[in-house]
Amino acid sequence: MATPTKTTGSQFEGLLAPRKRPQPDESESTPIEANDTASKSRPSAPKGETKSLAKSKDDAYQGRTFYVRKKTYAECDYMLKTSDDPRDMSDLAEDLLTAWLAKEAKRSAR
């Protein structure tokens, strides 16, 4: 009995090929403006480095778990997605926590 020879790739490659997303070229990416809100909350990449580091890989960030009501999260998610706000949920949480810390620092300094 003859055994079929394996062609290149996985036996599932034909099924997965239509689902694979093409990788964007660096020439197609748009530069972030200096006054962009998202660029204020994340440190900019050093000169010569074009890729930004993901928050999960950045040592300045730490993953945390918070319990938030489903309705609150859904409404915030909807507002972020439907507005022109470039932030994601973690950027929003960072901004809100930072503002709260600044407010508490002023209050305790009195």
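Report yes if D59 is surrounded by 10 or more Cβ atoms within 10 Å (Cβ to Cβ), modelled with pLDDT of 60 or more, out of contact with any strand residue (DSSP E or B) (no Cβ under 9 Å at 6 or more places or on another chain) and acidic (D, E), otherwise no.
No.
Every residue in region 85-110 that is open to solvent by less than 60 Å² (accessible area, probe 1.4 Å) and of a type in the set (D, E, K, R), please.
D85, R87, D91, D95, E104
Here is a list: T50, T72, T82, T65. Which entry is exposed (fewer than 11 other Cβ atoms within 10 Å of the Cβ) and modelled with pLDDT under 90? Walk me through it before giving the result.
Details: T72 fails: modelled with pLDDT under 90; T82 fails: modelled with pLDDT under 90; T65 fails: modelled with pLDDT under 90.
The unique qualifying residue is T50.
The values are calculated or read from the model by the stated rules, or taken from the named source; none is laboratory data. Computed from a predicted structure; not experimentally measured. Using ideal geometry, Cβ is built from the backbone for each residue, glycine included, and neighbour counts are taken over all protein chains shown. In case anyone asks, the SASA skips ligands and DNA or RNA and just uses the protein heavy atoms, side chains included. Shrake-Rupley method; radii C 1.70, N 1.55, O 1.52, S 1.80 Å.
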